[in-house]
1. If the Cβ limit is 6 Å and pairs must be 6+ apart or interchain, which residue in the range 64-92 that is assigned by TED's automatic domain parsing to the domain that holds residue 108 pairs with which residue that is among the charged types (D, E, K, R) and within 11 Å of the ligand (Cβ to nearest atom)?
2. Confirm whether residue 81 is more than 26 Å from residue 147 (Cα to Cα), within 16 Å of the ligand (Cβ to nearest atom) and either touching a helix residue (DSSP H, G or I) at 6+ places or on another chain (Cβ under 7 Å) or at pLDDT 95 or above (or both).
3. Residue by residue through the range 155-177, note down the ones that are surrounded by 11 or more Cβ atoms within 10 Å (Cβ to Cβ) and among the acidic types (Asp, Glu).
4. Which residue is modelled with the lowest pLDDT, if the candidates are limited to the range 216-248 and must be of a type in the set (Lys, Arg) and surrounded by fewer than 21 Cβ atoms within 10 Å (Cβ to Cβ)?
5. Based on what the data block shows, is residue 118 modelled with pLDDT of 95 or more, away from the ligand (no atom under 13 Å from the Cβ) and either outside the structural domain of residue 242 (by TED's automatic domain parsing) or more than 20 Å from residue 54 (Cα to Cα) (or both)?
6. Scan the range 249-263 residue by residue and report those that are part of a loop (DSSP other than H, G, I, E, B) and either surrounded by 13 or more Cβ atoms within 10 Å (Cβ to Cβ) or not assigned by TED's automatic domain parsing to the domain that holds residue 169 (or both).
7. Just to be sure, is residue 131 at positive phi and within 16 Å of the ligand (Cβ to nearest atom)?
8. Of the conditions (1) over 11 Å from residue 139 (Cα atoms); (2) charged (D, E, K, R); (3) modelled with pLDDT of 95 or more, residue 86 fails just one. Which one is it?
Amino acid sequence: MGNDEYDQTENEATREYNHGREGGTHARGYTDHGSHALPGGLSIAADGLRLVPSDIRFKPGVEQTWTYQIRDYEGTVVTEFEESHDELNHLILVRRDLTRFQHLHPEMTADGTWSQQLTFPDPGVYRAFVDILVNGQPTTLGVDLFVPGLVELDPRPASTREATTNGYNVTLRPEEIQAGEAVVLEFETQQDGERVAKLDEYLGALGHLVVLREGDLAYVHVHPEETDPESGRIRFPTAGRYRLFLQAKPDGNLITTSFDVRLDDSNS
Ligand SMILES: [Cu+2]
């Protein structure tokens, strides 16, 4: 980790301080012109809903059943969910170092208990994101799950815009991305140097993209636009480092590729 990273952290801290002191007026260099709403996935309770897990401790390398409920703030268990992208509940698991990505679809019993068989491959602290749609309101709740043992962290590249999985080579564009501005991401998929013409539908969309911010795992979820099969519109909320997990189905084969994007502060 270089000095630049450290400086960035300092700037963030200073900005937060100024922001608070000035009672709502934006400090210099603050690029978020939109609402002050936090990104999803940072909280175990949001939008009047609370995630209640049966357990938060697991063993590494062993298949286990995880159950949880979604309750409202009065404690009533929610049993009515609406489908979003062909599923009532999308469960994303990722270790807090942004590795070991899993995307699962739990089943619900009539009493509102969600159940999922899962295996954590290695020890560590994992973040579980529960992505749901209730009364037309999309919500992502998050909880930490603990898998005890010696944790070996994978090194992370500063930036990767190309990834190869199962013989498919995927390139992320554009090269220049600004924090706080909407951008259309494009993923060009090639096999043996040839562009793959057909991206089959996966989960009611032509791809499935999860974007996580390094440091707090703020969750940004994008489905590439139906009209443009290889792009997705996204707004990275702040500067910092992000890991993108793209799932797509070229030629009917489900592939998961990851990319790393670093966004600099505009005044640095
Ligand atoms: Cu899903």
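1. 90/131
2. For residue 81, the condition - more than 26 Å from residue 147 (Cα to Cα), within 16 Å of the ligand (Cβ to nearest atom) and either touching a helix residue (DSSP H, G or I) at 6+ places or on another chain (Cβ under 7 Å) or at pLDDT 95 or above (or both) - is met.
3. 162
4. Among residues in the range 216-248 that are of a type in the set (Lys, Arg) and surrounded by fewer than 21 Cβ atoms within 10 Å (Cβ to Cβ), the one modelled with the lowest pLDDT is 233.
5. On the way: modelled with pLDDT of 95 or more: yes; away from the ligand (no atom under 13 Å from the Cβ): yes; either outside the structural domain of residue 242 (by TED's automatic domain parsing) or more than 20 Å from residue 54 (Cα to Cα) (or both): yes.
When the stated conditions are applied, residue 118 passes them.
6. Answer for the range 249-263, where residues must be part of a loop (DSSP other than H, G, I, E, B) and either surrounded by 13 or more Cβ atoms within 10 Å (Cβ to Cβ) or not assigned by TED's automatic domain parsing to the domain that holds residue 169 (or both): 251, 253, 254.
7. On the way: at positive phi: no; within 16 Å of the ligand (Cβ to nearest atom): yes.
The answer is no for residue 131.
8. Failing condition for residue 86: (3).
The values are calculated or read from the model by the stated rules, or taken from the named source; none is laboratory data. Not measured: the values here are computed from a predicted model. Note that each Cβ is placed from the backbone with ideal geometry, even for glycine, and that neighbours are counted across all protein chains shown.
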